[in-house]
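Enquirer: First the structure, then my questions, so here it is.
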Amino acid sequence: MKRGRRWAAAMLAVWMVLALAGCGASSGAAAEATASVSMADSADAAGGYGMSNGTAMPAAVDETAETDAGEAGDSGTIQERKMIHRAELELETTDFDQAVADLADLTERMGGYYESSTVADRGSDYRWANYTIRVPADQYSAFLDQAGTLCHETWSNTTQDDVSEAYYDVQGRLTTQRVKLERLQALLEQAENMEDIITIESAISETQESIDRLSGSLQHYDSMVDYATVYINLNEVYQLSTVQETPAGFAQRLGNAFAGGWRGFLTGMESLVVALAYGWMWILLLAVIVAVVIRLGRRRSLKLPGRTKQADKPDDKPPQT
């Protein structure tokens, strides 16, 4: 009886050992399977970059970074609108030097600067200037108002371009590339062989080029948004052009016609005198030629046969006593 109980206890112990061994084997197999799946996922993730040592280098770095950037952009913050302001002004003045000095002083007071400047002579003592002026965006309206009072404004045009969408698109892509660069640098520190290092460094170089290009675009946008652009064409004139109101009656129209005719006559005479002054040498030469021709013509007429015989013919009338 005792011997049967001992046999039953031994068989129970063996069965328990086998059961525990089976559980251990199952756990080990499960762990191995899990590890295999993880390694396969890592290999798939690194497949895009040709990782040979099993280092987990995600091929979808761009997608992950874009997701992070998208979450940051969708945080509910109100983004400031990015506007580019431009203006064109046609100005005229009777005191050119003073107008040039006033515009330079106004630009300095507004915190702006000259991007380009051209001053030339029309050839008739009247000068003109073309300026491209950059002024801070917050001083843009004030600059236009004061520039119109310094000189006589004949024409103006303003434009506003909303570049918010393009600006924030570039900004988001720049953030994405910077996140990608950080992850690539982290992977570079984990790389163990030369092939992986070369692959990651090539990806880092391409990403850095993208960052530099996007940074340049963003800086250009910032420059155009922060500083408005004003194109000014300044003309020196004898008399400022004015916009006349419609005459009330016949007498006023007739008076304006006489006044306009007189001003036109004076302007024409002045232009004629100026033109003669420019060509006085030619006028003098022409006068000399005309004088010589007239003198030669007179000498030739005196030497004609008819006039000589008439001069030599005696007077037939007898002398009176």
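The values are calculated or read from the model by the stated rules, or taken from the named source; none is laboratory data. From a predicted model like this one, the values you see are computed outputs, not experimental measurements. Note that each Cβ is placed from the backbone with ideal geometry, even for glycine, and that neighbours are counted across all protein chains shown. For accessibility, only protein heavy atoms count, side chains too; no ligands or nucleic acids. Shrake-Rupley method; radii C 1.70, N 1.55, O 1.52, S 1.80 Å.
Enquirer: Which residues, counting only those in region 94-113, are open to solvent by less than 80 Å² (accessible area, probe 1.4 Å) and touching a strand residue (DSSP E or B) at 6+ places or on another chain (Cβ under 6 Å)?
Expert: The answer is F96, A99, T107, M110, G111, G112.
Enquirer: Select from region 209-230 the residues that are in a helix (DSSP H, G or I) and open to solvent by less than 70 Å² (accessible area, probe 1.4 Å) and list them in ascending order.
Expert: Passing the criteria: S210, I211, L214, S215, G216, S217, L218, Y221, D222, S223, M224, V225.
Enquirer: Report yes if W282 is over 30 Å from D97 (Cα atoms), at pLDDT 75 or above, of a type in the set (F, W, Y) and assigned to a helix (DSSP H, G or I), otherwise no.
Expert: yes
Enquirer: Only one of G54, G76 is surrounded by fewer than 14 Cβ atoms within 10 Å (Cβ to Cβ), modelled with pLDDT under 65, out of contact with any strand residue (DSSP E or B) (no Cβ under 7 Å at 6 or more places or on another chain) and farther than 30 Å from V225 by Cβ. Can you tell me which?
Expert: None of the others qualify; the one that does is G54.
Enquirer: Related question: Could you tell me which of the residues R134, R127 is of a type outside the set (S, T, Y) and over 18 Å from D95 (Cα atoms)?
Expert: Criteria check complete, one pass: R134.
Enquirer: Going by the conditions given, is A203 in a helix (DSSP H, G or I), hydrophobic (A, V, I, L, M, F, W, C) and surrounded by 12 or more Cβ atoms within 10 Å (Cβ to Cβ)? Before the answer, list the steps.
Expert: Working: in a helix (DSSP H, G or I): yes; hydrophobic (A, V, I, L, M, F, W, C): yes; surrounded by 12 or more Cβ atoms within 10 Å (Cβ to Cβ): yes.
Yes, satisfied.
Enquirer: Can you tell me which residue is nearest to the chain's Cα centre (by Cα) among those in region 182-195 that are modelled with pLDDT of 90 or more and open to solvent by less than 40 Å² (accessible area, probe 1.4 Å)?
Expert: L184
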